[in-house]
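Read the structure below first, then the notes.
The values are calculated or read from the model by the stated rules, or taken from the named source; none is laboratory data. Computed from a predicted model, the values in this text were never measured in an experiment. For neighbour counting, all protein chains shown are included, and Cβ atoms are generated from backbone atoms with ideal geometry for every residue, glycine included. Just so you know, the surface numbers come from the protein's heavy atoms only, side chains and all, with ligands and any DNA or RNA stripped out. Shrake-Rupley method; radii C 1.70, N 1.55, O 1.52, S 1.80 Å.
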Amino acid sequence: MSHQLPDIDPEETAEWVDSFDAVVDAQGRTRARFLLMKLLERARTLQVDFPATVSTPYVNTIPRDQEPWFPGDEYIERRIRAYIRWNAAAMVSRANYRSEGIGGHLATYASSAALYEVGFNHFFRGKSDGGFGDLVYFQGHASPGIYARAFVEGRLSEDQLDHFRQEVSGQGLPSYPHPRLLPDFWEYPTVSMGLGPLCAIYQAHAARYLRHRELVDTGTNRIWAFLGDGELDEVESIGALGVAGREHLDNLIFVVNCNLQRLDGPVRGNGKIIQEAEATFRGAGWNVIKVIWGSKWDDLLAHDVDGVLLDKMNNTPDGEFQKYATETGAYIREHFFGPDPRLRRLVEHLSDADLQALPRGGHDYRKLYAAYKLATEQVGQPTVILAKTVKGWTLGPEIEARNATHQIKKMTKAQLLALRDRLYLQEEIPDEALDAEQPPYYRPPEGSPAHEYLSGRRKVLAGPLPSRVVRAVTPYALPATKAFSDMFAGSGNQAASTTMAFARLLRNLVRDPDLGRYVAPIVPDEARTFGLEPLIAETKIYAPEGQRYTPVDSDLILRYAEDRKGQVLQEGITEAGAMASFIALATSYATWGRPMLPIYLFYSMFGFQRVGDLAWLLGDIRGRGILAGCTAGRTTLQGEGLQHDDGHSPLLASVNPAAHVYDPAFAYEIGVIMEDAVRRIMGPEPEDRFWYLTLYNENYPMPPLPDGAAGDAVRAGVLRGLYRFAEPAEVDAVDAGGKAGKRNGSARRATLLFSGPMWQVAMEARAMLAAHWGVSADAWSATSYTELREDALAVERANRLHPHAERAVPYVTEALDDSTGPVVAVTDYLRAVPDQVARWMTRPFTSLGTDGFGRSDTRAALRRFFEVDAAHVVVAVLSALADAGDAKRDEVADAIARYEIDADSADPWSD
Ligand SMILES: Cc1ncc(C[n+]2csc(CCOP(=O)(O)OP(=O)(O)O)c2C)c(N)n1
Ligand SMILES: [Mg+2]
């Protein structure tokens, strides 16, 4: 590298290199390394800019002489920690003795108790001062410890602890952080590993967005994310680190509990997870603080004049460190210190017991305090604290650092006694009180020093945590109907797609004088595909640093405009990131007391199937907002092929209990659905639900919403999921090739159901049925099979459980009852979508859909291939009529021949 730069003083350079060579020769590599490190440190002090090295030696980042004064009462904090440790273990154990197999975790919290307690006693801010406090993402498997602290604080009762993992009674404690099931307590779901850290990064990003846009003052609030070292394996954990580095999110702190173990065994048995993580985080622009060794190691390091201890620390793999955590002092002396006489001498003055008790940094309260303090003072960078701990710490030799530790859920009486002694709780938990199956809980009485201290600290730090608070806010004035009525007018002769209609509605919403600024449009990298260039030019892309360059299209009206106060979140090519951003804004009503209306538009194929787990988290966290799956439909998106053609997202969305799923065909349907959604999200009685709309890029003239009572009926039907779009067709003439038709009224009847662009197919088939086969069909827009199914299931249940009540009829059954003949549904998704309502059909029901892998071709070719074109709909109707004796088999055969259907081709979905 440097040889490409001119050397202005080769002699001086040679002198420096020679002296360095001499050090290596005379004093060895360790000393040479030391000198280099010193020089780099000096360079940093003198602000000589030099690219950061990715890793540092395996020692604490903060040297002993730079540790701040510890302001707490260490003795009493240790007592409090002991109570919490005890109650956490007792709760899980009791639950498992009572209900075999109910599960729970002992070892995760046991390793991270000090990590949390330093936070609770000195850093995490609550909300009792009217502020929003700190946003803390607790490691999912550490939840027993968080419940145990809430119990010690008096926030949870013994009875509640005894309902750990038994939620059905209504008063139980969820196994993990689930705001859906314990909405006054948990705030951020984390247990699906990787999603917590990802969401925390975007939470920090969204906090800045809200601040820059002057919507919420989030300036003093920190986001803390606690995660496991094994969790770093998840791509979601580390995939967005660059966002935090790039945007200088110094409101964000990660604490990684590096107990060197995951569920099965060591995280990096042959390597060093802390060193690997350090390099990853540093490379992404994070401030890294390593807390590896407890205070007792400081003296040893101070005497390590030959650097042999440091070498040993650097060269010992994690698997070995795990082993030391299970071994005696003699073993450690022999294997860690033993091989090198200089090392052995370093610990001559220590007994075996001393050696065994040399603690790791993550259990050393002062070291952690120093790290947290530094992290909270860091400016311009997010911080990660990598704290080395022992998994199952204090739980005794049969549990600590064992490979099976994660799975241990019950403790024997002997183990509990040992734990009690280790925690010095003989007075609080006397022998006679200790029953293995029902170990007692312990809460320090009110007025006791521990209780006073504990509540005093939380008072200073603005109240308890976690605590989910939904503040009452004055509802916004909902957008004037003009924003929506634009959708109701139709497009005349002009062809438009539902995506274009939606983009226009979005622009109307953003321009709304009351609601507009709270709308947060989100896209990964597809704004152009969805026709959002005008929106970008108008409201600009959020960019924390503004636009520091002249955009290439600066002379155009539709230019790529970035701004510190920009409204559009263009998150780059990261569906997971965009979804995490959406989640942060979808919950800002709770987090920041500021309801927002996030509207996330994505390529529908890269929606639920890509980030389905985040969508599940969105339901858990009670998010409110609009998801729009654009370029939807397996045959409507032409020319893209198998990995782009979405033929199943409405089905994937339908399994999410928080989702309202709609598949609109026309602009006015979008208007009706969105008007309802905006009211239910932002209105006076908001619902903790989200909406999923599929949007297409096929252009056709958009019909208007009918006026008056007819329009009202359509509106109601659109929201319920089904309404009649076209009356039964007139059948007054039958062409020469067809069978004898009858005049309308006595003609054969059928009903066609369509959704989205398949309305064209249905209407064409309706005309062909009338003209060629004397069948009068009506056509219905099925805007949501999922809503229809939910209604039908509710009715079915009510009927089942109330045998004497009058039989209620599901909406879908009732609606379709006023016509006759077979029902044929045609969808651009797999047939399971319309089949959601098959069970409530009182007429013969056939569904045509696009099962199988997508293909690239023209729409016409694809619809023929997947057997969802008008000809196939006609054949399906005739076939059903023939089954009912209302048509001859010959008619079906004639239709197949007439429309040139290859009846002997293979199923399109068979490969
Ligand atoms: C996405 C996902 N995959 C798997 C699991 C199951 N699981 C729970 S805890 C765990 C190991 C956790 O190890 P680590 O992150 O190191 O946390 P520790 O308990 O050691 O602190 C696994 C695999 C999960 N909860 N989420
Ligand atoms: Mg771990």
query: Do any helices (runs of 4 or more DSSP H) entirely within the range 449-549 hold 2 or more residues that are touching a Phe, Trp or Tyr at 6+ places or on another chain (Cβ under 7 Å), and if so, which?
result: 481-488, 498-511
- prompt: Would you say Val892 is open to solvent by less than 40 Å² (accessible area, probe 1.4 Å), among the hydrophobic types (A, V, I, L, M, F, W, C), modelled with pLDDT of 95 or more and in contact with a strand residue (DSSP E or B) (Cβ under 6 Å, 6 or more places away or on another chain)?
  reply: no
message: I'd like to check something: does the range 291-299 contain any residue that is buried (at least 20 other Cβ atoms within 10 Å of the Cβ) and closer than 24 Å to Gly239 by Cα?
response: yes
field: The listed residue being open to solvent by 10 Å² or more (accessible area, probe 1.4 Å), more than 24 Å from Met500 (Cβ to Cβ), polar (S, T, N, Q) and out of contact with any Cys (no Cβ under 7 Å at 6 or more places or on another chain), out of Gln609, Gln567
entry: Gln609
- request: Those residues that are open to solvent by 20 Å² or more (accessible area, probe 1.4 Å) and part of a helix (DSSP H, G or I), I need them from the range 344-368; list them, please.
  value: Arg344, Arg345, Leu346, Asp352, Ala353, Asp354, Gln356, His363, Arg366
field: Test: Tyr58 is of a type outside the set (A, V, I, L, M, F, W, C), crowded, with 17+ Cβ neighbours inside 10 Å and more than 16 Å from ligand 1 (Cβ to nearest atom)
entry: yes
- prompt: Looking at this structure, is Val256 hydrophobic (A, V, I, L, M, F, W, C) and away from ligand 1 (no atom under 16 Å from the Cβ)?
  reply: no
query: Quick one: is Gly170 at pLDDT below 95 and either open to solvent by 10 Å² or more (accessible area, probe 1.4 Å) or more than 25 Å from the chain's Cα centre (by Cα) (or both)?
result: yes
query: Only one of (1) part of a loop (DSSP other than H, G, I, E, B); (2) open to solvent by 10 Å² or more (accessible area, probe 1.4 Å); (3) more than 13 Å from ligand 1 (Cβ to nearest atom) fails for Ala279. Which number is that?
result: (1)
task: Scan the range 148-176 and report the pairs whose first residue is without any contact (Cβ under 8 Å) to a residue 12 or more places away in the chain and whose second residue is open to solvent by less than 20 Å² (accessible area, probe 1.4 Å) and part of a helix (DSSP H, G or I), with Cβ atoms within less than 8 Å and a gap of 6+ or a chain change.
output: Ser157/Phe151
- prompt: Filter the range 749-797 for residues that are open to solvent by 20 Å² or more (accessible area, probe 1.4 Å) and touching a Gly at 6+ places or on another chain (Cβ under 6 Å); which is farthest from Gly885 (Cα to Cα)?
  reply: Glu787
query: What residue, among those in the range 191-220 that are among the polar types (S, T, N, Q) and open to solvent by 10 Å² or more (accessible area, probe 1.4 Å), is nearest to ligand 2 (Cβ to nearest atom)?
result: Ser192
query: Does the range 442-455 contain any residue that is touching a Pro at 6+ places or on another chain (Cβ under 6 Å) and at pLDDT below 95?
result: no
message: Can you say whether Leu558 is outside any strand (DSSP E or B), in contact (Cβ under 8 Å) with a residue 12 or more places away in the chain and within 16 Å of ligand 1 (Cβ to nearest atom), as far as the supplied structure shows?
response: no
message: List the residue pairs whose Cβ atoms are under 6 Å apart, where the first residue sits in the range 694-706 and is more than 18 Å from Gly717 (Cβ to Cβ), the second is assigned to a loop (DSSP other than H, G, I, E, B) and of a type in the set (Ser, Thr, Tyr), and the two are 6 or more positions apart or on different chains.
response: Tyr696/Ser497; Tyr696/Thr636; Asn697/Ser497; Asn697/Thr631; Glu698/Ser497; Glu698/Thr636; Asn699/Ser497; Pro701/Ser491
query: Which fully enclosed helices (runs of 4 or more DSSP H) of the range 150-255 have 1 or more residues being within 30 Å of Leu454 (Cβ to Cβ) and not aromatic (Phe, Trp, Tyr)?
result: 158-161, 195-212
task: Could you look through the range 96-136, keep only residues that are within 16 Å of ligand 2 (Cβ to nearest atom) and outside any helix (DSSP H, G or I), and pick out the one that is nearest to the chain's Cα centre (by Cα)?
output: His105
query: Has the range 667-685 got at least one residue that is part of a loop (DSSP other than H, G, I, E, B) and modelled with pLDDT of 95 or more?
result: no
- request: Identify all residues within the range 291-310 that are within 16 Å of ligand 2 (Cβ to nearest atom) and in contact with an Asp or Glu (Cβ under 8 Å, 6 or more places away or on another chain); write none if there are none.
  value: Val291
field: Index of the failed condition, Thr376 passing every other in (1) among the hydroxyl-bearing types (Ser, Thr, Tyr); (2) touching a strand residue (DSSP E or B) at 6+ places or on another chain (Cβ under 9 Å); (3) buried (at least 18 other Cβ atoms within 10 Å of the Cβ)
entry: (3)
